[in-house]
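Structure, as structure tokens:
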Amino acid sequence: MAESANAWQNIISEDLRKVSGIMREATRDSNSEIQEVLDYALDSPGKLIRPSIIILVCNACGRKTYDNMLKYAAAAELVHMATLIHDDINDESESRRGKQATYRKYGVKKALTTGDTMLVKAMTLFDSNLALLQSIIDMGSSLADSEFLQYNHKFDLDIREEEYYQVISGKTAALLSECARTGAIAAEAPQDVMDEMARFGQLYGMAFQIADDLIDLTGSENITGKTSMRDLSEGVITLPTIFALRDPKVGKEIHAKMKRGAPLNEIRDLIMQTDAISECKTVIRDYVDEAIECLNILPESEFRASLVELTRLNSTRLS
């Protein structure tokens, strides 16, 4: 991301540095092979969106950063990274965050074991708060449900828009919702604030995933660090494709090309001829606007302003 795009992180940069240290410490392992794979995954930390939301929400609710909150933030990112390791195996992705996917470098069995190990180590960081641990467990169930729903709709050109939303709600938005709620819980905020922050995270997550699906279709692998057109190649029908299939001019042609396995570039070029991209951007803006409204329950502060800025990036980000 360009420097201007991650300016929202500036006020929590020191906290994020501490979170990275906690993640490293929490993933120490006596087995040198497991440690090597863990370190390989951790060496590409991404944008740290999930821990950032926990930290920003906690501070925006009026409580200063403290050790347990940083542990929760580290745990959330470890959970996310573990799911990425597993996702790459399921999706047969070549790359992640600009380098070879973990399973491509170390093999499926070692990558699976490492992802599982990362999840277990993340859970230990919640040992002082059983309510948060239960929330993460519930989120895991939601993730599994959504993954199965997505599997069941692979190459399903008749998937409904509502079913797509159901998939991304559990697969992406559920964890982001729990992160925002966790920030409010860590701040010991009132129940109505906790509920509204959970709703903020859910709406943010919906916008984030639709933006991700657009980037998968239109983005450059050099910028995103991920395999391009992965969804199309794996038969995952996302919102831009759903919209494009409805197009009165080329929808039927897109359907026919996808049915017979035409080259991905041909399918993408046809999708780009429709209004699917602009329609998706409208949906993203609606989620962004609604998420920002949720933040009005918080007092004005630089932390709330950063949450607003972070949310708005879903309308413009390239990776």
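The values are calculated or read from the model by the stated rules, or taken from the named source; none is laboratory data. In this text the structure is predicted, and so the values were computed from the model without any measurement. For neighbour counting, all protein chains shown are included, and Cβ atoms are generated from backbone atoms with ideal geometry for every residue, glycine included. Remember, those area values only see protein heavy atoms, side chains included, never the ligands or the DNA or RNA. Shrake-Rupley method; radii C 1.70, N 1.55, O 1.52, S 1.80 Å.
In the list A111, A131, which residue meets the criterion of being assigned to a helix (DSSP H, G or I) and touching a residue at least 60 places away in the same chain (Cβ under 8 Å)?
A111
Scan segment 257-274 for residues that are loosely packed, with under 13 Cβ neighbours inside 10 Å and under 18 Å from H153 (Cα atoms) and jot them down.
K259, R260, G261
Against the definition (within 28 Å of I53 (Cα to Cα), in a helix (DSSP H, G or I) and at pLDDT 95 or above), how does D216 come out, yes or no?
When the stated conditions are applied, D216 does not pass them.
So D247 passes all but one of these: (1) at pLDDT 95 or above; (2) part of a helix (DSSP H, G or I); (3) of a type in the set (D, E); (4) touching a helix residue (DSSP H, G or I) at 6+ places or on another chain (Cβ under 8 Å). Which condition number does it fail?
So the condition that D247 fails would be (2).
Take the conditions within 21 Å of the chain's Cα centre (by Cα) and more than 27 Å from Y106 (Cβ to Cβ) and apply them to K71. Does it pass?
It is true that K71 is within 21 Å of the chain's Cα centre (by Cα) and more than 27 Å from Y106 (Cβ to Cβ).
Just checking, which of S301, S306 is surrounded by fewer than 21 Cβ atoms within 10 Å (Cβ to Cβ), out of contact with any strand residue (DSSP E or B) (no Cβ under 7 Å at 6 or more places or on another chain) and of a type outside the set (D, E)?
Checking each option against the conditions leaves just S301.
Under 7 Å by Cβ, and 6 or more places apart or on different chains, what pairs join a residue from segment 61-75 that is among the charged types (D, E, K, R) with one that is open to solvent by 30 Å² or more (accessible area, probe 1.4 Å) and at pLDDT 90 or above?
Once the first residue is among the charged types (D, E, K, R) and sits in segment 61-75, its partners that are open to solvent by 30 Å² or more (accessible area, probe 1.4 Å) and at pLDDT 90 or above give R63/E188; K71/I22.
If only one of K64, K18 is open to solvent by 20 Å² or more (accessible area, probe 1.4 Å) and at pLDDT below 90, which one is it?
Among K64, K18, only K64 is open to solvent by 20 Å² or more (accessible area, probe 1.4 Å) and at pLDDT below 90.
Across segment 285-319, what is the number of residues that are farther than 17 Å from N59 by Cα, among the aliphatic types (A, V, I, L, M) and assigned to a helix (DSSP H, G or I)?
Within segment 285-319, residues that are farther than 17 Å from N59 by Cα, among the aliphatic types (A, V, I, L, M) and assigned to a helix (DSSP H, G or I) number 3.
For segment 1-96, which helices (runs of 4 or more DSSP H) that fit wholly inside it have 2 or more residues that are in contact with a Phe, Trp or Tyr (Cβ under 9 Å, 6 or more places away or on another chain) and closer than 21 Å to I136 by Cβ? Working first, answer last.
Details: elements: 13-26, 32-42, 49-60, 67-91.
Of the helices (runs of 4 or more DSSP H) lying wholly inside segment 1-96, those with at least 2 residues that are in contact with a Phe, Trp or Tyr (Cβ under 9 Å, 6 or more places away or on another chain) and closer than 21 Å to I136 by Cβ span 49-60, 67-91.
If you take the residues in segment 21-60 that are among the small types (G, A, S) and touching a residue at least 40 places away in the same chain (Cβ under 8 Å), which one is farthest from R312 (Cα to Cα)?
Taking the candidates together, the pick is A26.
Which one of D145, D158 is open to solvent by 50 Å² or more (accessible area, probe 1.4 Å), of a type in the set (D, E, K, R) and assigned to a helix (DSSP H, G or I)?
D145
Among the residues of segment 286-296, is there at least one that is within 26 Å of Y151 (Cβ to Cβ) and surrounded by 15 or more Cβ atoms within 10 Å (Cβ to Cβ)?
Checking segment 286-296: at least one residue is within 26 Å of Y151 (Cβ to Cβ) and surrounded by 15 or more Cβ atoms within 10 Å (Cβ to Cβ).
For the structure I just gave you, tell me whether Y165 is modelled with pLDDT of 95 or more and open to solvent by 40 Å² or more (accessible area, probe 1.4 Å). Before you say what the answer is, go through the steps one by one.
Working: modelled with pLDDT of 95 or more: yes; open to solvent by 40 Å² or more (accessible area, probe 1.4 Å): yes.
So Y165 fits the description; yes.
Which of the residues that make up segment 223-256 are open to solvent by less than 20 Å² (accessible area, probe 1.4 Å) and free of Cβ contacts under 8 Å to residues at least 24 places away in the same chain?
G251, I254
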